[in-house]
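A.B. asks: Just dropping this structure here.
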Amino acid sequence: MHDIRFIRANPEAFDRGLARRGTSAQSGAILTIDAARRDAIQRAEAAQSRRNELSRAIGMAMKQGQADEAVRLKAEVAGLATVDDSPQHQAALDAVLAALPNLLDPSVPDGADESANVVQHQHGTPATIPDARQHFELGEALGLMDFEAAARLAGSRFVVLKGALARLERALGQWMLNTQTIQNGYTEVAPPYLVNATTAFGTGQLPKFEEDLFKAGEKYLIPTAEVPLTNLVADQIIPEPTEPLLFTALTPCFRSEAGSAGRDTRGMLRQHQFQKVELVSITRPEDSAVEHERMTRCAEAILTELGLTWRRMLLCAGDTGFASAKTYDLEVWLPGQQAWREISSCSNCHDFQARRMNARFKRGKDTVFVHTLNGSGVAVGRAMIAVMETHQQPDGSIAIPAPLQPFMGTDRITR
């Protein structure tokens, strides 16, 4: 959500910020609604003030036996407007603001789409493995990855993992969660997997992206643990966070993938259900840029420990998500696909989500909106894909990276 005071003071800058995202100028329409709202409030307040004056005057007239004067004053009270239409103007203003994306950090490069994203740095050299197979070819050959059974059970974009691959998925999630809590200082949280509409609105999933959510009754299945974790501070005034509040969770995530028809239909890259270790930070405004870098390094270290080749991308204006002011994507090299694929996004949302959630902290006599950040630490399914393709062996087996071997009880997956 945007600060209406900023828009009033900087309408041209606000429109320029929206233009970087390809969104048309909105300040004129916003300020028109805002002016009507403020005028309605002033009229309602003036009418109430006059009503209070007349009430006192009526009382005085009655005391002094001035019945005619009291009748006249009562007639004036009856003629005062009693309808306050400012709430409808406020609702209209909120609806417009809620549909607009966050303004971008100045360091975000211009660009219409992912082709303008900027490589920040790269770890490792993309490997070319002779006769490399994709993860689903490896998994099906091992007899441990069954898409046909999943389709019978639930439909497309699901998978049934068996045996060692089911264990590998579990090992990845547990190891990554342990790393983020024990080594990186995150507090583990076990959040609800269903949230209400207010919670989904707070992080920006509603109203714009409702078609991407699965709904169960009046609640929504979480598309990411970012939603409940960030909302832990919703409608709160917390003590000033001199150190970032750090939350993490390993949860299933549910996405309808409504906007990705025809993309990545084979394999596990784009599923309706997957697991992810989510990272969320709550900071003071002056601390969020540094925290963004630290959070991203926490995700990068996971990929390095798994022996993967990866790179950090700074997303351009046209590829940055709705709620984000600045995003780093981590992309991993998949030898089977011979392609880079996104495995983590780490975003600084500034105070955009905090305003939607009304999340603040106390600083002296003032209350200040927090800054919120979120990142993947990392997506479990995509990490498994990368491990399978990177560590595939000529005989079709898969070597297990050292950090996962204690969880697996073996150093190799074979048929």
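A.B. asks: Which of the aspartates and glutamates could be linked to K365 by a straight reach, that is with a Cα gap under 15 Å, when you skip same-chain ones fewer than 8 residues away?
C.D. replies: Cross-link targets: E240.
A.B. asks: Pairs of alpha-carbon atoms within less than 8 angstrom and 6+ residues apart define the contacts here; what relative contact order does segment 324-415 have, in percent?
C.D. replies: 22 percent.
A.B. asks: Nearest 5 percent is fine: what portion of the DSSP beta bridges confined to the chain is antiparallel?
C.D. replies: 90
A.B. asks: Hey, what angle do you get for helix 27-63 against the long axis of the chain, alpha-carbon based, 0 to 90 degrees rounded to 10?
C.D. replies: Here the helix axis deviates by roughly 40 degrees.
A.B. asks: Need the list of lysines near K74 for cross-linking: C-alpha distance under 18 angstrom, and skip anything on the same chain fewer than eight residues off.
C.D. replies: K63
A.B. asks: Let me check against my output: what whole-number percent is the relative contact order of segment 33-145, with C-alpha pairs under 8 Å and at least 6 apart?
C.D. replies: Over segment 33-145, the number comes to 28 percent.
A.B. asks: Would you look at the GNM of the chain, springs on alpha carbons closer than 10 Å, and say which of L31, L250, L153 moves the most?
C.D. replies: L153
A.B. asks: Quick check: the angle from helix 163-178's long axis to the longest principal axis of the chain, C-alpha only, nearest 10 degrees?
C.D. replies: Roughly 50 degrees, rounded to the nearest 10.
A.B. asks: I would also like to ask the following. Using label points projected 7 Å from each Cα along Cα→Cβ, tell me how many nm separate A154 and D235, to one decimal.
C.D. replies: It works out to 3.2 nm between the two label points.
A.B. asks: Considering amide H positions built from the backbone, and no H for Pro or chain starts, which residues 5 or more places from D105, or on another chain, come under 5 Å of its amide H?
C.D. replies: Hits under the 5 Å cutoff: K326.
A.B. asks: Hull surface divided by four, with the convex hull built on the Cα atoms of the chain: how many nm²?
C.D. replies: 25.6
A.B. asks: Where does the chain land at 222 nm, in deg cm²/dmol rounded to the nearest 500, when only DSSP H runs of n ≥ 4 count, each adding -39500 (n - 2.57), divided by all residues?
C.D. replies: Only helices count here, giving -12000 deg cm²/dmol.
A.B. asks: Could you state the angle between the C-alpha long axis of helix 86-98 and the longest principal axis of the C-alpha atoms of the chain, as a value from 0 to 90 degrees rounded to the nearest 10?
C.D. replies: 20
A.B. asks: A further question follows. So what's the net charge close to E76: Lys and Arg +1, Asp and Glu -1, counting the other residues with Cβ under 12 Å from its Cβ?
C.D. replies: For residues surrounding E76, the net value is +2.
A.B. asks: Please compute the Kirkwood hydrodynamic radius of segment 4-98 from all pairs of different C-alpha atoms, in Å with one decimal.
C.D. replies: Evaluated over segment 4-98, this radius sits at 16.2 Å.
A.B. asks: Now for a separate question. Fewest first, what order do F6, F209, F14 take by the number of other Cβ atoms within 10 Å?
C.D. replies: F6, F209, F14
A.B. asks: Then there's this: Considering Cα pairs under 8 angstrom that are at least six residues apart, work out the relative contact order of the chain and quote it in whole percent.
C.D. replies: Contact order relative to length: 20 percent.
A.B. asks: Once the Cα gyration tensor of segment 117-187 is found, what semi-axes does its equivalent ellipsoid get, as square roots of 5 times the eigenvalues, in whole Å, sorted largest first?
C.D. replies: 28, 22, 14
A.B. asks: Turning to a different aspect of this structure: Just list whichever of K276/K362; K208/K326; K215/K326; K219/K276; K162/K276 have alpha carbons separated by over 23 Å in the model shown.
C.D. replies: Violating the 23 Å Cα-Cα cut-off are K276/K362; K215/K326.
All of the numbers you see were taken from the coordinates with simple rules; none came from a lab. All of these numbers come straight from a predicted model, not from anything done at the bench. Neighbour counts run over all protein chains shown; Cβ positions are idealised from the backbone, glycine included.
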